[in-house]
């Protein structure tokens, strides 16, 4: 197949922005045994059923996860300050960090079960 024929085939299969297909190139009349293999392409862009609000939910979820997991995973940086402020042992402050992880991770499954679409 030549480059020109390949480009013509690609152009014939590519829809235009206004939804119409380009005119097919013909190289003379069709033989009796040839069939029309043209394909109609619907080039309309579907709109989101929620109006695009889903992306705001994704953004809010991302920000929430960054803040919550940022606090949880940087907890070790603040252990010395908590020990000095509360005047307790490192094991007591470590228990607070474990409690924070445990409540966060165990409540995630309950939330999904309760708020799921299924």
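Quick notes on this one:
- Filtered residues of the stretch 64-94 (kept if surrounded by fewer than 10 Cβ atoms within 10 Å (Cβ to Cβ) and either touching a strand residue (DSSP E or B) at 6+ places or on another chain (Cβ under 9 Å) or not in a helix (DSSP H, G or I) (or both)): 74, 87
- From the list 38, 61, 107, the one residue that fits, being at pLDDT below 80 and assigned to a helix (DSSP H, G or I), is 107.
The values are calculated or read from the model by the stated rules, or taken from the named source; none is laboratory data. Everything quoted here is computed from the prediction, not taken from an experiment. All Cβ positions, glycine included, derive from the backbone under ideal geometry; neighbour counts span all protein chains shown.
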